[in-house]
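Shown next, in structure tokens, is the structure this report addresses.
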């Protein structure tokens, strides 16, 4: 089982030919309300890729909270520890342009109230094959979860997004760090992904720097270095492609695939996801991934 401690947001997605500049108004082509959030996205991606998944986090007591819980249940995810808190659920306002690129504003809502683990959360994490973390919950809670996993001998996979400084206590508990190239530059000060990867490995045992259409770089302290090419596709919407990659990568690692095979599995899943609109709605099922590998 893979545990995910993270955010659940309702994505409010506007599709435009060209994203508006500051002070500019543009006419959109379409609008959709789609369940998302980096935590929920990774949970759904992992579940569809073939894992048993438990989701730990919070939603509000509004209509969005009901819908977010329902989509997790529909994906077969264990939600017994998903908290329902008074007030609004998290939302993300997303603008997707004609080339599939996006910009996102996140309003945390209930996610921002998850500031510590419960004993039941700790027990679920300890029983897992891996813990997936992101940074859309308060940093103190993310760090506590990572430390709980490390104490139980559970691998920690961290997506350092949204980009922000990471405390030493969190990095010391991370097994695999998966930033994109911009986040890697923010963390290391180096705009060169290969150099950033080397610098990240001074802090964590393994790292993957995702490069979008240019693929991904993998490295470990044992000296392994890999570059995996992206699968060439026509992108419709890149929202949650990174989360799809991480969720699928966690499944591949849990199944014992070697790094090259695991990265290929994750790259295929991400490529399939960008060919459909939305976040959770775009994530491929295991049969689709296997057929495209």
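The values are calculated or read from the model by the stated rules, or taken from the named source; none is laboratory data. Note that the structure is predicted; figures quoted are calculated from it, not measured. Cβ sites come from the backbone with ideal geometry, for glycine too, and all protein chains shown count toward neighbours.
Data for the structure
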quantity: Criterion violated by residue 195 - all others in (1) assigned to a helix (DSSP H, G or I); (2) more than 18 Å from residue 166 (Cβ to Cβ); (3) within 19 Å of the chain's Cα centre (by Cα); (4) modelled with pLDDT of 95 or more satisfied; calculated: (3)
quantity: Extreme residue, surrounded by the most Cβ atoms within 10 Å (Cβ to Cβ), among residues of the range 108-132 that are in contact (Cβ under 8 Å) with a residue 40 or more places away in the chain and within 30 Å of residue 15 (Cα to Cα); calculated: 132
quantity: Given (1) under 24 Å from residue 239 (Cα atoms); (2) buried (at least 22 other Cβ atoms within 10 Å of the Cβ), number of the condition residue 149 does not satisfy; calculated: (1)
quantity: Filtered residues of the range 152-171 (kept if in a helix (DSSP H, G or I) and either touching a residue at least 12 places away in the same chain (Cβ under 8 Å) or crowded, with 19+ Cβ neighbours inside 10 Å (or both)); calculated: 169, 170, 171
quantity: Residues located in the range 53-101, provided they are in contact (Cβ under 8 Å) with a residue 24 or more places away in the chain, over 29 Å from residue 126 (Cβ atoms) and assigned to a helix (DSSP H, G or I); calculated: 64, 67
quantity: Selected residue [more than 19 Å from residue 283 (Cβ to Cβ), within 19 Å of the chain's Cα centre (by Cα) and crowded, with 20+ Cβ neighbours inside 10 Å] from 56, 68; calculated: 56
quantity: The range 222-234 residues that are on the phi > 0 side of the Ramachandran plot and part of a loop (DSSP other than H, G, I, E, B), paired with ones that are surrounded by 12 or more Cβ atoms within 10 Å (Cβ to Cβ) and at pLDDT 90 or above (beta carbon under 8 Å, 6 or more apart); calculated: none
quantity: Lone unmet requirement of (1) farther than 15 Å from residue 5 by Cα; (2) at pLDDT 95 or above; (3) assigned to a strand (DSSP E or B) for residue 32; calculated: (2)
quantity: Residues within the range 10-33 that are closer than 30 Å to residue 70 by Cβ and in contact (Cβ under 8 Å) with a residue 60 or more places away in the chain, tallied; calculated: 8
quantity: Any hit, the range 133-146, residues being assigned to a strand (DSSP E or B) and either at pLDDT below 95 or surrounded by 19 or more Cβ atoms within 10 Å (Cβ to Cβ) (or both); calculated: yes
quantity: For residue 200: the one exception among (1) touching a strand residue (DSSP E or B) at 6+ places or on another chain (Cβ under 6 Å); (2) without any contact (Cβ under 8 Å) to a residue 24 or more places away in the chain; (3) surrounded by fewer than 20 Cβ atoms within 10 Å (Cβ to Cβ); calculated: (3)
